[in-house]
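Worksheet for the structure shown next.
The values are calculated or read from the model by the stated rules, or taken from the named source; none is laboratory data. Since the model is a prediction, treat every value here as computed from it, not as a measurement. Cβ coordinates were reconstructed from backbone atoms using ideal geometry, including for glycine residues, and neighbour counts include every protein chain displayed. The protein model used for the area step is the full one, side chains on, heavy atoms only, and it has no ligands, DNA or RNA in it. Shrake-Rupley method; radii C 1.70, N 1.55, O 1.52, S 1.80 Å.
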Amino acid sequence: MKKWFKFFSLSYFSHKHSKEGARRGYANVFLGFILALIFLWVGFVGGDMLPFGLHYNNSPDFMATVRAVFANADTNKRMDAKIENGVLKVRKPGTQYAESLLINTFERETERQDYSAGGYNVVIDTRPANTLAEVEAYCLSNDGKNTVISYEEYLTLSDVAKLNFDFKLKYTGNALELSDETVEGYRAYVAALGDESKEQTEKLEKELAENRITKEAYIRAVYELYFTKYYPEITAYEGSSKVPLLRNYYLHQYINSGIKNYLFVFDDYMTGSFETSTGIGVPFYGFYSDIENGALVSKDATAAQANASADSFIKNAFKGIWFIYAYSYAMNVIALVPFIVLMLMVAALLAYSVLKLRGVESINSLGAMFKIVGSFGWFSGVISAVLSVIIAFFVQRSLTSALPFVLFFAALVIRAMIFVMEESKQYAKQLQQQESSRVSSL
């Protein structure tokens with residue numbers, strides 16, 4: 001056991017121990033491979049999570065914007081925020097907590113002056129994630145002329161003419177308000193479509209009459225029926241909903257348009273993007289599930305304490321997403337297992353080919369070379385993880401998604417080539433000794 005442990009732990013550093021791998025079984029390669037996967041995962045998660053605090057501290061304009069919102073020296077402008085069981089509640093000074101749009105510096109000049117620093121924009125919208133969005137449906141010609149017609153006009157076209165247009169939605173930024181009269185019109189429309197649709201509306205009416213669903217749920221259900229039957233699918237706009245949701249207004253209006261330097265704060269999560277003073281762009285998400293209940297900034301906090309609390313809110317929200325990152329990267333590493341195996345095989349084939357070209361016969365099979373290279377795998381993973389985390393502090397965050405794999409392969413190939421050079425030297429020395437012995441015996 002002691003000999004095996006020395007072989008397994010020192011093979012990356014010792015030529016003698018690494019060469020021993022040729023005589024050992026493939027179980028060592030498998031164990032090293034599993035450890036390499038774990039270290040690759042550590043490199044991904046660590047490279048993504050650990051630099052965030054330093055990047056945040058090194059982004060003065062973004063920090064100033066956050067502090068202006070949640071720790072403003074003018075308490076008449078400071079947003080009063082608290083966490084209740086993972087839900088963020090925010091109110092303006094002197095008002096009640098409410099589900100509403102509180103700040104939008106994209107569209108409100110006064111708020112831009114009060115809260116934006118260095119060109120950063122802030123939106124605080126605490127309306128629930130399932131709030132329905134007011135939209136305008138239209139159709140755009142796909143012939144390059146960009147002709148716009150209403151959806152009602154589109155419905156009057158022939159089937160052939162319809163092929164020249166694509167369905168589009170424009171989110172207005174307002175929450176959808178449905179009156180009883182409007183809902184009744186939607187119900188009547190759906191009921192008139194056929195027996196099956198009529199049964200669906202009757203079922204909803206019955207459930208409402210028996211108090212099995214609330215009126216709010218009834219209104220939403222009728223609207224969803226109407227929308228899905230009147231309009232085409234909207235998967236290009238909504239990933240998890242059959243109807244437009246207000247939250248995605250910000251995605252389509254701002255984020256997808258390529259904006260930088262922003263902070264969107266919602267009742268259940270936040271998303272933002274900032275740039276450090278060294279030019280590193282940092283997009284991020286954050287959740288509040290791990291933030292303790294209570295006010296973000298206490299009423300009697302000093303200016304320094306208020307600023308520290310605002311900073312901690314952003315950092316702790318980012319920490320709240322670590323499990324999602326960990327799971328996502330674990331799935332990513334598992335999905336790329338064949339690719340990682342291919343890295344081992346390429347490194348082994350490369351090393352074996354170079355040995356053969358140099359006339360070195362001491363490694364007599366590709367399988368033996370694969371077991372030797374496989375013994376380098378786990379520590380190549382360690383090198384990859386450490387370097388990935390270090391480099392992540394100095395490069396764009398978008399580049400870290402490939403770092404662990406690149407560094408792992410580089411460490412693997414470099415070590416394999418070092419083995420080739422050392423084995424070539426030893427083999428040449430062995431031939432020289434054999435030749436000397438042969439000459440001396442004559």
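Taking square-rooted eigenvalues a ≥ b ≥ c of the alpha carbon gyration tensor, is region 31-177 rounded, prolate or oblate, where a/c under 1.5 means rounded and, failing that, a/b exceeding b/c means prolate? Since a/c reaches 1.5 but b/c is at least a/b, the shape of region 31-177 is classed as oblate.
Can you sort 101, 169, 399, 357 by solvent-accessible area, 1.4 Å probe, largest first?
Descending order: 357, 399, 101, 169.
Along region 298-307 the Karplus relation, 6.51 cos²θ - 1.76 cosθ + 1.60 evaluated at θ = phi - 60°, assigns HN-Hα couplings of 5, 5, 9, 5, 6, 4, 5, 5, 5, 4 Hz to successive residues, with x for each Gly and Pro.
Here residue 342 sits with roughly 90 square angstrom of accessible surface, probe radius 1.4 Å.
Between the listed residues 49, 313, 249, the Cα displaced farthest toward the positive end of the dipole of the chain, a dipole computed from Cβ unit charges relative to the Cα centre, is found at 49.
Against the chain, whose longest principal axis is taken from its Cα atoms, helix 337-357 shows a tilt of about 30°.
Remark: region 103-108, residue by residue, has Karplus-estimated 3J(HN,Hα) of 9, 8, 6, 5, 10, 10 Hz, where x stands for each Gly or Pro and the curve is 6.51 cos²θ - 1.76 cosθ + 1.60 at θ = phi - 60°. Each of 165, 213, 364 was scored by the projection of its Cα onto the charge dipole of the chain, and the greatest displacement toward the positive side belongs to 364; charges sit on the C-beta of Lys, Arg, Asp and Glu. Axis angle, to the nearest 10 degrees, between helix 403-441 and the longest C-alpha principal axis of the chain: 10 degrees. Between residue 106 and 122, the built amide H atoms are under 5 Å apart, and every one of these is 5 or more places off in sequence or on another chain.
If you wrap a convex hull around the alpha carbons of region 266-425, what volume per residue comes out, as a whole number of Å³? Don't jump to the answer; show the numbers that get you there.
On the way: hull volume 23.7 nm³, N = 160.
Convex hull of Cα atoms, per residue: 148 Å³.
Given Cβ point charges of +1 (Lys, Arg) and -1 (Asp, Glu) and nothing else, what value in debye, to the nearest 20, does the dipole of the chain about its Cα centre take?
Working: 43 positive and 45 negative charges, 676 e Å.
Dipole of the chain, to the nearest 20 debye: 3240 debye.
Shown here is the pair-distance distribution of the chain: with all Cα-Cα distances grouped in 10 Å bins from zero up to the longest one, the shares run 4, 15, 18, 17, 16, 13, 9, 5, 2, 1, 0, 0 percent.
Please express the shape of region 308-397 as an equivalent ellipsoid: the semi-axes are the square roots of 5 times the eigenvalues of the C-alpha gyration tensor, given largest first in whole angstrom.
Numbers: eigenvalues 343, 42, 17 Å².
Working from the Cα gyration tensor, I get semi-axes of 41, 14, 9 Å.
Of 232, 301, 193, which is farthest on the positive side of the dipole of region 161-302, counting Cα position, with +1 on Lys and Arg Cβ, -1 on Asp and Glu Cβ, and the Cα centre as origin? The residue sitting most towards the positive pole is 232. For the chain, the 222 nm mean residue ellipticity estimated from helices alone, with every DSSP H stretch of n ≥ 4 adding -39500 (n - 2.57) and the total spread over all residues, rounds to -17000 deg cm²/dmol. Counting only heavy atoms of the protein chains and using a 1.4 Å probe, residue 4 has close to 70 Å² of accessible surface.
Please list, by residue number, every one of the GluC sites (Glu not before Pro) in region 75-108 that is coil in DSSP and has at most 14 other beta-carbon atoms within 10 Å.
Working: sites: 84, 99, 107; in loops: 99, 107.
Here the sparse-neighbourhood loop sites are 99, 107.
Estimated at the nearest 10 Å², the accessible area of residue 289 is 80 Å² with a 1.4 Å probe. Counting every C-alpha pair in region 196-243, the share spaced more than 17 angstrom apart comes to 40%. In degrees, nearest 10, range 0 to 90: what is the angle between the Cα axis of helix 180-191 and the longest Cα principal axis of the chain? The angle comes out near 70 degrees.
Reported value for region 182-312: 184 Å³ per residue, from the convex hull of its C-alpha atoms.
Considering Cα pairs under 8 angstrom that are at least six residues apart, work out the relative contact order of the chain and quote it in whole percent. Show your work: numbers first, answer last.
Working: 647 pairs, mean separation 113.7, N = 442.
For the chain, the relative contact order is 26 percent.
A straight line joining the Cα centroids of region 103-126 and region 67-101 runs 14 Å. The Cβ shell under 10 Å around residue 130 holds other residues with a net charge of +3, Lys and Arg each +1, Asp and Glu each -1.
The count of lysine pairs in region 1-131 with alpha-carbon distances below 28 Å, taking only pairs 8 or more places apart or on different chains, stands at 9. Spatial offset of region 171-229 relative to region 324-384 amounts to 59 Å, using the alpha carbon center of each.
Quote the FRET efficiency, to the nearest 0.05, computed for residue 339 versus residue 255 with a Förster distance R0 of 25 Å and r equal to the Cβ-Cβ distance. Intermediate values should be presented prior to the final figure.
Values: r = 31 Å, r/R0 = 1.23.
In this case the efficiency is close to 0.25.
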